[in-house]
Amino acid sequence: MPLSAGEIAAGVRARELRAADVVAAALDRIERADPRLCAFVEVWGEEALRRAGELDTRLDRRGAAPSLPLAGVPVAVKGRRGLHAAGPLLAAGGVAVGATSVPRPGTPWQTWGLGARGRTVNPWRADRTPGGSSAGAAAAVAAGLVPLATGGDGAGSVRIPAAWCGVAGLKTTRGRLPSGDRTGLAVPGVLARSAADAELWWRVVSEEPVPAEAALPVTAVWSPDLGFAGPDPEPVALARAAVERLAAAGVVRLVRPRMPLRLTDPGPAWLALRTPGADPAGAERVRAENDRRLAGLFADAELLLTPTAPTAPHGHEGPGNRYSTSLTWAFNLSGHPALSLPAGFGGDGCPAGLQLVAPHGREALLLAVAREAEACTGG
């Protein structure tokens, strides 16, 4: 398995690795794997090697490496327009190697992607979708082509592909990072092979100090369906088993809230806010009521735990009439940060995810718990 983002950056800063070699290896992996995965719409090989060479020259001349948290780390960006949002990553020494696939315009369902060579496939099963809309980002990270890829999450577009590809995916709190979405529903996020690498991305883009270790166990509420969704039994069972492992390891302590969590289905409200000319009054009433219920839950516990997606990855023909977002878009509406962690594999051989949701502004808590979860499960 290729090195993690943290290992690459440490090696390049110490001059034990050369950024040009690391980037060349990533480009070679992309060249060999992408004809099958179709994870990229563009690969910027010449430019990436040039930037990596310039970074090596800078470090060679300075002797002691400057503080570059992502020195030499190959980074994939979501879509052709994703590079404009990657400025902090490049300033931290990251090297953008290409743009990853997203759904083509006009597609009514967004849980797939179209790369330069065809439809993006799930690295675990080529006849299944990787999820979306950060489709190529998740596939590229899961296949080991790059350690980090940027994403955007408007309804679950980071967390769903993270779950279905078996990687970590973080959606940030609404308003904490710049977003061009007029509704505020879509926010930046990251796909990474580990919580430590996701944390590295967060430190760079947020300029926060290293998160403190979580005071364990963290109190948490489990909800299989948020009170309205109809998830399939298998993803619920896999997520619940992951929760039980965390509880047994002392990472979380499950508590019962004073009032059972029963959110109003956010789907109609989300769609109304995204539809130009629609009356937002009803949507805002749903938002306010769900915010009230979530505030009550977070008064009783530090985390909310759910399955990430209600189904296993669907085929390339589409999800049918099932909303893959049913367990994720409530938190785009409410603005809470959320993170998907791998939760094992279903009978079809595809990964499933466990979603962790925290109070506003508590990305550090999510990442600290995710680190502990990986440590106790050998992830």
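By the helix-only formula, in which each DSSP H run with n ≥ 4 contributes -39500 (n - 2.57) and the sum is divided by residues, the chain has a 222 nm mean residue ellipticity of -11500 deg cm²/dmol. Here is the list for the stretch 66-118: trypsin sites (Lys or Arg not before Pro) lying in DSSP coil, each with at most 13 other C-beta atoms within 10 angstrom of its C-beta, are 80, 81.
If packing is taken as the mean number of other Cβ atoms within 10 Å per residue, what is the order of 19-28, 335-344, highest first? Working shown, then result.
Working: 19-28: 21.1, 335-344: 26.5.
My ranking of the peptides, most packed first, is 335-344, 19-28.
Per residue, the solvent-accessible area of the stretch 4-148 (1.4 Å probe, heavy atoms of protein chains only, all protein chains present) comes to 42 Å². Every Cα-Cα pair of the stretch 230-323 was included, and the share exceeding 21 Å stands at 53 percent. Rounded to the nearest 20, the size of the Cβ-charge dipole of the chain about its Cα centre is 360 debye, with Lys and Arg at +1 and Asp and Glu at -1.
Within the shell of other residues whose beta carbon sits under 15 angstrom from the beta carbon of residue 274, the net charge comes to -1, with Lys and Arg scored +1 and Asp and Glu -1. Share of carbon and sulfur in the accessible area of the stretch 168-316 stands at 55%, probe radius 1.4 Å.
In the stretch 316-379, Rg over Rh equals 1.04, where Rg is the alpha-carbon radius of gyration and Rh the Kirkwood radius from pairwise Cα distances. Here the scattering of the stretch 1-86 is modelled by Debye summation over its C-alpha atoms, one equal scatterer each and no solvent; at q = 0.18 Å⁻¹ the log10 of I(q)/I(0) is -0.80.
The values are calculated or read from the model by the stated rules, or taken from the named source; none is laboratory data. Treat the numbers as computed from the prediction; the structure is a model and nothing was measured. Please note: Cβ atoms are built from the backbone with ideal geometry, for glycine as well, and neighbour counts cover all protein chains shown. The accessibility values were calculated without ligands, DNA or RNA, using every heavy atom of the protein model including side chains. Shrake-Rupley method; radii C 1.70, N 1.55, O 1.52, S 1.80 Å.
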